[in-house]
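Read through the structure below, which is laid out as structure tokens, and then see the notes.
The values are calculated or read from the model by the stated rules, or taken from the named source; none is laboratory data. None of the values given here were measured: they were computed from a predicted structure. We place every Cβ from the backbone using ideal geometry, glycine too, and count neighbours over all the protein chains shown.
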Amino acid sequence: MDFHDIKSIKGDINIPGDKSISHRSAIISALADGPVNIENYLFSRDCISTLDVLKELGVKITEDGKKLSINGRGISGLNEPSKILEVDNSGTTIRLLSGVLAGNGFMSVLSGDNSINNRPMGRIIEPLTAMGACVYGRQNNTKAPIIIFGKKVLTGRKFDLDLSSAQVKSCILLAALHAKGVTEINQPEISRDHSERMLEYFDADISYNGKNTKINPESKLKAKDIRIPGDLSSALFIIVAALILKNSNVLIRDVGINPTRSHVLDVLKEMGGRINIKNKRMICNEPVTDIEVSSSNLMPVKIGIDKIPNIIDEIPILAVAAAKADGTTIIKGAGELRNKESDRLKAIRKQFSKTGLNIKELKDGLEIKGDNDLKVKGGTMESMGDHRIAMSLAVLSMLSEEKLIISNPECMDTSFPGFKDTIDSIAN
Ligand code: S3P
């Protein structure tokens, strides 16, 4: 079955592990004081990049089916790499590991694919330099490849950032483990707090409250086994498909519902989405739930800047929900989308328009004129090699009676390996 042949979904499924938590589980375990077993690690292209780089740094990693074991080497136990550290397409790998490497007394070079080497890196180079590491990048220290001359001891300090980015915050927190004195970070809006939760789980001296995070240096992180919840961002492709397709009802089990990531569910409920949260519990310091979702008649919504960091990865799939909502949805304050795996505002406008959708690209957002009876046109759509654009187009194509081809669909593996098989297993 092609994506555009799917007209209804029904079933009970699990989805792959959370991408953000998987990266952190591997990196923080590598710094722990002993072996860590990780269950439900996301073996996707991005998270495999993190494992590959950690191996280059001397970390022993074994994979056995779905189980991953990482031999923690202690906070300062990494080896100087003998090669350039290749992060491929993964922003989380390059930004978080730069923080770790800044606090190790050796030299390293990090580089990625064309997309990574053109994404902004000044946002991590500046704070790491301010903490005392010597970090340089291409184009006047704004782009990768990055070269890091780490320092064994950095300087703790207060950062009042003008950007709300979990990757930047996490980079600083990981460097701060090696700093003298407390490090404090303030961001204009709340960004995802998985690093804080995992560092706390490993007994780090960290406190966090909304936009403010404080961490003290650490000599040791206590190794503990980890179970990773399903990725809410991946679940969203299934959730929106169930909402917009007729006669659909899906139960997705064991999904992470961290409040710094879950606003998208509130947005969809506000749009009229029939979404039920069941069996909420805590696993390894992260809230987890089961989510039941059924076909719904959607209404348009307005989204402003304050919640954008919370839903930053979900805007492409929210645009699909908006396309099926009667009226105009307006999303503003989302300029950061231009700095992702592709310029997502442009990609959404350009590719979605090809299907006949009325969509306007704003400087920092989108205006989408939706229709409950939407039928999208077929044709060839470009994924731009961006996994979230590709999966959003796949869901959009389910509203088409015509053949809709998505270029480079393999990029879906970046965050959701087996996306097509999962959808096929519940398709009617
Ligand atoms: C991520 C943070 C977000 C998000 C990315 C993953 C993370 O980026 O878009 O997919 O794991 O910390 P920013 O923090 O740079 O906005």
field: Among (1) under 17 Å from the mean Cα position of the chain (by Cα); (2) over 20 Å from Lys19 (Cβ atoms) - the single one Ala242 does not satisfy
entry: (1)
Residue ranges of strands (runs of 3 or more DSSP E) in the stretch 315-385 with at least 1 members β-branched (Val, Ile, Thr) and within 27 Å of Ile275 (Cβ to Cβ): 327-331, 358-362, 365-370
field: Lone unmet requirement of (1) at pLDDT 95 or above; (2) over 20 Å from Asn89 (Cβ atoms); (3) not in a strand (DSSP E or B) for Ala26
entry: (2)
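Mind telling me which of the residues Asp46, Asp52 ends up being of a type in the set (Asp, Glu), free of Cβ contacts under 8 Å to residues at least 60 places away in the same chain and in a helix (DSSP H, G or I)?
The conditions single out Asp52.
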field: Of all residues in the stretch 355-413 being surrounded by fewer than 16 Cβ atoms within 10 Å (Cβ to Cβ) and basic (Lys, Arg), the one that is nearest to Lys340 (Cα to Cα)
entry: Lys363
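Rundown of residues vs (1) touching a helix residue (DSSP H, G or I) at 6+ places or on another chain (Cβ under 8 Å); (2) buried (at least 18 other Cβ atoms within 10 Å of the Cβ); (3) assigned by TED's automatic domain parsing to the domain that holds Glu189; (4) charged (D, E, K, R), yes/no style:
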{"residue": "Lys278", "(1), (2), (3), (4)": "no, no, no, yes"}
{"residue": "Glu286", "(1), (2), (3), (4)": "yes, yes, no, yes"}
{"residue": "Pro316", "(1), (2), (3), (4)": "yes, yes, no, no"}
{"residue": "Ala322", "(1), (2), (3), (4)": "no, yes, no, no"}
{"residue": "Thr328", "(1), (2), (3), (4)": "no, no, no, no"}
- prompt: So which residues in the stretch 386-407 are touching a residue at least 40 places away in the same chain (Cβ under 8 Å) and assigned to a strand (DSSP E or B), if there are any at all?
  reply: Ser400, Leu404, Ile406
query: If you check Ile84, Ile94, Ile124, Ile75, which single one turns out to be at pLDDT 95 or above and over 25 Å from Phe159 (Cα atoms)?
result: Ile84
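Mind telling me which of the residues Pro259, Pro309 ends up being crowded, with 17+ Cβ neighbours inside 10 Å, within 16 Å of the ligand (Cβ to nearest atom), more than 29 Å from Pro35 (Cβ to Cβ) and not assigned by TED's automatic domain parsing to the domain that holds Arg73?
Details: Pro259 fails: crowded, with 17+ Cβ neighbours inside 10 Å.
Of Pro259, Pro309, the one residue that is crowded, with 17+ Cβ neighbours inside 10 Å, within 16 Å of the ligand (Cβ to nearest atom), more than 29 Å from Pro35 (Cβ to Cβ) and not assigned by TED's automatic domain parsing to the domain that holds Arg73 is Pro309.
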field: Identity of the residue in the stretch 1-23, within 13 Å of the ligand (Cβ to nearest atom) and assigned to a helix (DSSP H, G or I), that ends up nearest to Ser294 (Cα to Cα)
entry: Lys19
task: Residue by residue through the stretch 24-37, note down the ones that are within 16 Å of the ligand (Cβ to nearest atom) and among the hydrophobic types (A, V, I, L, M, F, W, C).
output: Ala26, Ile27, Ile28
message: Among the residues in the stretch 20-34, are any outside the structural domain of Val255 (by TED's automatic domain parsing), touching a Cys at 6+ places or on another chain (Cβ under 8 Å), surrounded by 15 or more Cβ atoms within 10 Å (Cβ to Cβ) and of a type outside the set (Ser, Thr, Tyr)?
response: yes
query: Looking at this structure, is Lys354 in the same structural domain as Met412 (by TED's automatic domain parsing) and farther than 26 Å from Ser400 by Cβ?
result: no
message: Filter the stretch 185-228 down to the residues that are among the charged types (D, E, K, R) and in contact with a Gly (Cβ under 8 Å, 6 or more places away or on another chain) and list them by number.
response: Lys220
